[in-house]
Amino acid sequence: MKKTPAWKLINLSIDQIEINESQFNWFPNSLSEKDSNSILNHGIQLPCLVQEVRDSKYNLVDGFKRVIWIRSLDDSCKKGNITCLVIPGALSFWEVVMIRVETLTNGENKFPGFRVCTLLKMLHKSGFQKNEIANNVLPQLGLESSLRLASKLIDMGNILMKLEEKKQFVFSEFFKKLSCEDLITLQKFSGNGILPILNFVGKMELRGKKLRYILQILDEVSRFQEISAGEILDIKQFKEVLLKKNIQNPERYRLIKELLNSIRYPKLYDFRKKFTQRREILNLPRRVSLDCDYNFEDEDMILKLQFSSLNELKKQLNDLEVISSKKNNGDKCGWEDLFSLLK
């Protein structure tokens with residue numbers, strides 16, 4: 001019968017604990033003020049997890065935020081040794097990986113995509129099969145246990161690491177906080193075509209649904225026009241919007257989306273533009289708006305009136321009656337001119 005190696009609880013000095021050589025600091029983060037105050041007042045209550053690598057030296061497996069914070073203190077503030085639970089040295093790297101995975105808490109770390117891709121790439125390079133990663137690691141990261149997803153994240157990790165190694169792109173904190181889903185969206189622009197997309201996303205600082213939507217449109221327009229996404233973003237109108245100063249990102253996003261849609265659906269874009277222009281000619285009161293189906297598939301128009309009293313409602317109805325009787329230069333009522341678009 002195989003003997004199970006014994007775990008032991010010991011006290012170690014801060015200098016006995018190796019951080020730089022450890023392969024387990026997967027999601028670096030700062031210690032919260034609440035936890036740092038607790039350590040100052042009561043010391044470390046929960047033992048750190050280590051594995052002995054040589055005489056009196058131990059690789060840290062879990063407890064990085066606490067140990068790194070303690071090391072940053074002045075010598076006068078460092079109180080005594082740190083209680084550690086020692087993983088038997090006989091356990092394999094994969095077994096230690098699974099122990100480390102069990103210590104992860106999704107609510108605390110939120111596992112940014114950049115770090116997840118880096119971790120999975122490292123595990124795969126170390127010899128772990130994709131199905132092992134999919135079945136044993138992804139669920140602990142709050143992700144679907146999917147071989148396809150594991151492959152995509154590993155591939156994205158390879159792309160990111162190559163860009164970083166070749167110093168082709170500097171990943172800001174914004175990029176390092178993007179979700180796994182966001183990063184996978186970038187994968188459709190892999191190869192040399194990904195650099196202008198990364199610059200675009202960095203400039204726009206998009207994430208979540210907005211990022212995925214704008215990249216989907218960009219990819220569709222690229223395939224429709226049979227030119228690269230980078231070439232589209234290099235068109236004069238796009239460059240003007242991207243380089244324009246004193247503009248908020250929500251407005252920049254709206255303008256870019258409008259430009260993409262003008263290429264994607266040119267006739268529909270012109271139709272919307274004419275509708276907006278003719279609606280403005282009506283000079284509707286401030287709290288009255290006129291809208292339509294986004295794709296003009298429904299011939300009905302929607303008139304919205306906002307009012308806070310009966311008198312305000314009466315005034316708005318009266319204003320609408322006056323507006324509806326006005327003629328434009330072609331002796332056609334403004335309303336008739338607007339509805340003529342749908343005929």
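So for region 191-264, what percent of the C-alpha to C-alpha distances run longer than 16 Å?
Cα-Cα pairs of region 191-264 separated by over 16 Å account for 43 percent.
Kirkwood Rh, region 8-103, all Cα pairs: how many Å?
13.8
Which value in nm describes the separation of the simple spin-label points at residue 273 and residue 32, placed 7 Å from the Cα toward the beta carbon?
A separation of 5.3 nm, rounded to one decimal place.
Exposure proxy check: 185, 105 ranked by fewest other beta carbons within 10 Å?
The fewest-first ordering by Cβ neighbours comes to 105, 185.
How tilted is helix 249-264 with respect to the longest principal axis of the chain? Cα atoms for both, answer in degrees (0 to 90, nearest 10).
On a 0 to 90 degree scale, this one is about 60.
Could you tell me which of the pairs 130/162; 188/245; 188/257 are separated by over 25 angstrom between their Cα atoms in the structure shown?
188/245
Could you tell me which trypsin sites (Lys or Arg not before Pro) in region 197-264 are loop residues by DSSP with no more than 13 other beta carbons within 10 angstrom of their beta carbon?
244, 245
Starting from 0.36 nm per residue, how many nanometres of slack lie between residue 315 and residue 129 once their C-alpha separation is accounted for?
59.8 nm
Among the lysines, which have Cα under 18 Å from the Cα of residue 8 when same-chain residues fewer than 8 positions away are ignored?
Reachable lysines: 57.
Less than 14 Å Cβ to Cβ from residue 202, Lys/Arg counted +1 and Asp/Glu -1: what total charge do the surrounding residues give?
Surrounding charge for residue 202 is +2.
From the cross-link list 125/239; 267/315; 34/176, which pairs have alpha carbons spaced over 29 Å apart?
Table pairs above 29 Å Cα-Cα are 125/239; 267/315.
Rounded to the nearest 10 degrees, what's the angle between the helix 33-42 long axis and the longest principal axis of the chain, both from Cα atoms, 0 to 90?
20
Between 0 and 90 degrees, rounded to the nearest ten: what's the tilt of helix 266-281 against the longest Cα principal axis of the chain?
The answer is roughly 60 degrees.
Return the aspartates and glutamates within reach of residue 274: Cα separation strictly under 15 angstrom, same-chain partners fewer than 8 residues apart disregarded; answer none if there are no such residues.
Straight-distance partners of residue 274: 258, 291, 293, 336, 337.
Quick note: the coordinates plus some simple rules give every number you see, no bench work behind them. Every value quoted in this text rests on a predicted model; they were computed, and no experiment measured them. Because the Cβ atoms are built from the backbone with ideal geometry, glycine has one as well, and the counts that use them run over all protein chains shown.
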